[in-house]
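Structure record follows, encoded as structure tokens.
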Amino acid sequence: MEPLLIGVDVGGTNIRMGVVTPDGHIPKKIEYPMDMSRGGLAMMEGLVSRLQDFIQQETGRDRSEIRIGIGIAGSIDMKRGLLVTSPNLPDLHGFPLQAYLQERISYPIIIENDANAFTLGEGWKGAAKGSRHYCGITLGTGVGGGIVVEGEILHGSEGMGGEVGHMVLNPKGPLCGCGGRGCLEVYASGSGIRRRALEANKKGKGKKILKKGRGDIKKVTSEEVFEAAKEGDRTALKIFNEMGRYLGLGLVNLIHLFNPEKIVIGGKVSKAWDYFIGSTTEVVHQRTMKGQREKVQIVQTECGDDAGILGAAYVALKLE
Ligand SMILES: [Zn+2]
């Protein structure tokens with residue numbers, strides 16, 4: 001009998017879980033806010049009990065047929081099942097996540113980086129369906145990514161490869177959460193867009209951005225910048241244009257290194273697609289070597305918020 005899959009997407013603010021059929025449909029799913037008020041371990045305890053309840057309520061099947069995949073933001077040592085670092089769970093660095101979950105849940109579980117899960121979800125059911133060479137990029141609070149070569153996600157020696165967001169575009173650029181400077185993430189993430197809005201505000205620019213933040217610049221996120229761009233705010237448009245150029249540089253590097261057929265872009269910041277993709281494709285066209293640039297397609301996510309659930313379930317489906 002075919003296994004029934006549970007895909008879990010542990011994001012920065014919300015946790016989503018879904019029952020996924022082996023052909024990639026999601027008959028049931030739930031979403032709830034991630035509660036970090038009592039720390040990472042309490043959040044994990046909550047996740048385990050939600051997951052147990054979800055399995056009991058939604059599957060009603062024999063336990064031997066269930067497999068669970070969990071996508072989580074952070075560096076994951078796939079060999080040892082460790083959460084090496086995680087931007088959202090700073091108190092769980094080095095946490096033996098795989099063993100912790102497996103002790104509490106009796107079904108087979110596999111953990112994977114959330115951006116790798118996004119990438120695999122898009123390859124399975126979304127915009128990269130049928131591709132054997134493609135990359136995924138998630139533009140959220142940070143920038144994540146995944147690289148698929150010959151149909152397999154690239155893990156590297158310890159499982160931590162494919163950190164697309166931390167390719168260095170400017171060695172003298174702003175500090176990044178990873179400890180480096182000028183990574184793609186500091187330019188193309190929601191936090192990067194917010195930083196640019198704050199800088200512009202100091203110079204007295206971006207009136208509509210400030211208005212969207214109800215007059216309080218501290219409340220401004222990339223979403224307010226997006227809203228201001230829709231109303232034609234010049235500063236907001238400029239911020240997305242510049243963000244798009246840096247994203248383009250990141251894509252040029254990916255294209256030269258991996259010669260992908262497709263690059264799929266998702267994450268909440270990608271909703272501002274129309275405001276950055278023009279400058280992105282311009283940079284890609286200008287700077288990519290002939291032969292590669294004509295073939296590569298740069299496309300938007302098709303699975304949207306479900307990509308993470310689907311990709312996590314796909315990893316579980318492929319469990320030996
Ligand atoms: Zn970085």
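The values are calculated or read from the model by the stated rules, or taken from the named source; none is laboratory data. Note that the structure is predicted; figures quoted are calculated from it, not measured. Because the Cβ atoms are built from the backbone with ideal geometry, glycine has one as well, and the counts that use them run over all protein chains shown.
What to note about this one:
- Among (1) in a helix (DSSP H, G or I); (2) touching a helix residue (DSSP H, G or I) at 6+ places or on another chain (Cβ under 8 Å); (3) under 20 Å from residue 27 (Cα atoms), the one test that residue 56 misses: (2)
- Scan of region 122-138 for residues that are outside any helix (DSSP H, G or I) and surrounded by 24 or more Cβ atoms within 10 Å (Cβ to Cβ), ordered by number: 126, 128, 134, 135, 136, 137, 138
- Selected residue (criterion: nearest to the chain's Cα centre (by Cα)) from residues of region 12-39 that are in contact (Cβ under 8 Å) with a residue 60 or more places away in the chain and within 20 Å of residue 124 (Cα to Cα): 16
- Test: residue in region 107-121 that is charged (D, E, K, R), assigned to a loop (DSSP other than H, G, I, E, B), within 28 Å of residue 51 (Cβ to Cβ) and touching an Asp or Glu at 6+ places or on another chain (Cβ under 9 Å): no
- Of all residues making up region 152-210, the number that are within 16 Å of the ligand (Cβ to nearest atom), among the aliphatic types (A, V, I, L, M) and more than 25 Å from residue 264 (Cα to Cα): 1
- Filter result for the condition that a residue is under 23 Å from residue 2 (Cα atoms) and crowded, with 19+ Cβ neighbours inside 10 Å, over 69, 60: 69
- Conditions (1) more than 22 Å from residue 300 (Cβ to Cβ); (2) away from the ligand (no atom under 16 Å from the Cβ); (3) charged (D, E, K, R); number of the one not met by residue 224: (1)
- Residue 145 vs. criteria in contact with a strand residue (DSSP E or B) (Cβ under 6 Å, 6 or more places away or on another chain) and either assigned to a loop (DSSP other than H, G, I, E, B) or of a type in the set (Gly, Ala, Ser) (or both): yes
- For region 62-70, the criterion of being farther than 26 Å from residue 94 by Cβ, hydroxyl-bearing (Ser, Thr, Tyr), part of a helix (DSSP H, G or I) and not assigned by TED's automatic domain parsing to the domain that holds residue 138 is met by at least one residue.
- Boolean, residue 236 is in contact with a Lys or Arg (Cβ under 6 Å, 6 or more places away or on another chain), at pLDDT 95 or above and in the same structural domain as residue 166 (by TED's automatic domain parsing): no
- Residues satisfying the criterion are present in region 147-157 (criterion: closer than 19 Å to residue 74 by Cβ, among the aliphatic types (A, V, I, L, M) and more than 14 Å from the chain's Cα centre (by Cα)).
- Qualifying residue in region 75-96 (condition: under 19 Å from the mean Cα position of the chain (by Cα), in contact (Cβ under 8 Å) with a residue 12 or more places away in the chain, in a helix (DSSP H, G or I) and over 20 Å from residue 318 (Cα atoms)): yes
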